[in-house]
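Working notes for the structure below.
The values are calculated or read from the model by the stated rules, or taken from the named source; none is laboratory data. The shown structure was predicted, so the numbers you read here are calculated from the model rather than taken from an experiment. Because the Cβ atoms are built from the backbone with ideal geometry, glycine has one as well, and the counts that use them run over all protein chains shown. Note: accessible area is taken over every heavy atom of the protein model, side chains too, but ligands, DNA and RNA are not part of it. Shrake-Rupley method; radii C 1.70, N 1.55, O 1.52, S 1.80 Å.
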Amino acid sequence: MQVSVEKTSELSRKMTVSVPEEVVQEKMAARLKSLAREVKIDGFRPGKAPQHVVKKMFGDRVRGEIAGDLIQSTYFKALEDNDLKPAGYPHIHPVDEAEGLKYTAEFEVYPEISLDELNQIEVKRPVSTVEETDVDAMIEKLRAQKKTWGAVERPSQEHDRITISFSGTVDGENFTDGKVENYSVEIGAKQMIPGFEDNLIGLQAGESKTFEVTFPEQYGSEKLAGKTASFEVEVSQVEAPVLPEIDEEFIKAYGIEDGAVASFREDVRNNMSRELERALREKLKNAVMDELYAKIQISIPNVLVDQEVENMMKPYMETAKRQKMKLDDLKLPREVFEEQAKRRVALGLILGEVIQKNDIKLDADKVRSAIEDMAKSYERPEDVINWYYSDEKRLDDVRQMVLEDQTVEWLLAQAKVADETVSFSSVMDKQQ
């Protein structure tokens, strides 16, 4: 076997492999001999057909099979002999030769990664605590989740619920299928297109209003995207939110058996502290990843980016399939995913190099702790823990996450880290 490798770009390789005719003939002879014992040929007893007859009838087919087998075996041997690590599958092109077997394999290789810049990493570590005002704000959110509505005889305000009937036209054509009757809108909830809810402020039951609003350029309907629409609105009711009192009944609904305000606040604070701790870890991890991506510059194999783009598009493709839509109808061009895909691939390769070069081993105890932490928020934590350990794929997902976290911890130990105090809301609002 002869092998030559051509570097066609920084990561692209073109490998040419030649196998002598005698090797092909030797393998063909063995295959034809075996075949002669199995096939039935008219005029000959089973297994008694002459070799030249078998070769005449099956030679082309057998040579094709031998070529396929040789390509597979010699490709991997050639990679090993030339210390090549392909990223993804190759493009194989057979070369027509009078004798022997010759083919080219085109592929990309993994990049060389230098970790010299690791000691230049600087990270700001966010530090935060749950204050009494944060607990107050969270309890107000919990009250808002259980709000009821009461009719009022006044002009509507932000956060009111207003019941309307409306119709809309674009270029003189109605697009609301006539009039939409008795439709409830919570002003400020952003359930309508931008600008629509603003025009509902100051209206009372029995009043009407006509106004214009422009649809966003990226709106789902091509007929309406970017167009200015005229709406006619009639108001039938205005309601104000009514928040529940923080009494024993309200508190017990959240599982606080004694119904005491102090116990409720403590429980809310504990939950907030757990969520804050997770969010701070995630924020710190993202800061490390940002620094890695900025400091460690590598060439990224296109084939890996293509694979990552496909992975990122899968949920959208499944949604389109369920809704019996074409993927094109979702308007999801490759460019939407490409930058994020490049980042994911680059960070995956860099982290892999850090793990290998520094011999970072997965800590099974940390895997268990991570699963137990995830299980805490469920009613029967032990069932959740058993669910993870009963399936290797689920467990592997957690292992991968933990190994990544261990690598981040290792990187932090090498980095210059400065604490930065931030508010609870600035951390958590970005998580939602």
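Some points to look at:
- Residues located in the range 241-267, provided they are in contact with a Ser or Thr (Cβ under 9 Å, 6 or more places away or on another chain) and under 30 Å from GLN204 (Cβ atoms): PRO241, VAL242, LEU243, PRO244
- Condition check for LEU304: open to solvent by less than 70 Å² (accessible area, probe 1.4 Å), touching a residue at least 40 places away in the same chain (Cβ under 8 Å) and under 21 Å from GLU409 (Cβ atoms): no
- None of VAL309, VAL336, VAL354, VAL345 is at pLDDT 95 or above, out of contact with any Ser or Thr (no Cβ under 7 Å at 6 or more places or on another chain), under 30 Å from GLU106 (Cα atoms) and not charged (D, E, K, R) except VAL345.
- Hits in the range 19-30 - residues which are in contact (Cβ under 8 Å) with a residue 40 or more places away in the chain and open to solvent by less than 30 Å² (accessible area, probe 1.4 Å): VAL19, VAL24
- Which numbered condition GLY178 fails, given (1) open to solvent by 30 Å² or more (accessible area, probe 1.4 Å); (2) without any contact (Cβ under 8 Å) to a residue 24 or more places away in the chain; (3) part of a strand (DSSP E or B): (3)
- Neighbours by Cβ (under 8 Å, 6+ apart or cross-chain): first from the range 396-423, of a type in the set (Gly, Ala, Ser); second assigned to a loop (DSSP other than H, G, I, E, B): ALA415/ILE121; SER423/SER128
- Yes/no for LEU243 being of a type outside the set (S, T, N, Q) and over 39 Å from the mean Cα position of the chain (by Cα): no
One line per residue, one yes/no per condition, for (1) in contact with a Ser or Thr (Cβ under 8 Å, 6 or more places away or on another chain); (2) farther than 19 Å from LYS357 by Cα:
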site	(1), (2)
ARG380	no, yes
ASN386	no, yes
TYR389	no, yes
VAL398	no, yes
ASP405	no, no
TRP410	no, no
ALA415	no, no
ASP419	no, yes
VAL427	yes, yes
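- For the range 350-365, filtering for residues that are assigned to a loop (DSSP other than H, G, I, E, B) and within 15 Å of LEU292 (Cβ to Cβ) leaves 2.
- Residue within the range 203-210 that is over 14 Å from GLU239 (Cα atoms), of a type outside the set (Lys, Arg) and not in a loop (DSSP other than H, G, I, E, B) present: yes
- Matching entry among ASN302, ASN311, ASN286 (being under 20 Å from the mean Cα position of the chain (by Cα) and over 23 Å from GLN400 (Cα atoms)): ASN302
- Yes/no for LYS324 being free of Cβ contacts under 8 Å to residues at least 60 places away in the same chain and over 19 Å from the mean Cα position of the chain (by Cα): yes
- Of all residues in the range 211-224, those satisfying the criterion of being assigned to a strand (DSSP E or B) and open to solvent by 40 Å² or more (accessible area, probe 1.4 Å) are GLU212, THR214.
- Conditions (1) open to solvent by 80 Å² or more (accessible area, probe 1.4 Å); (2) in contact with a Lys or Arg (Cβ under 7 Å, 6 or more places away or on another chain); number of the one not met by ALA98: (2)
- The residues on offer are LEU292, LEU332, and the sole one that is closer than 30 Å to PRO126 by Cβ and of a type in the set (A, V, I, L, M) is LEU292.
- Complete set of residues in the range 225-249 that are open to solvent by 70 Å² or more (accessible area, probe 1.4 Å), touching a residue at least 24 places away in the same chain (Cβ under 8 Å) and assigned to a loop (DSSP other than H, G, I, E, B): LYS227
- Within the option set VAL336, VAL345, being open to solvent by 50 Å² or more (accessible area, probe 1.4 Å) and β-branched (Val, Ile, Thr) holds for one residue only, VAL336.
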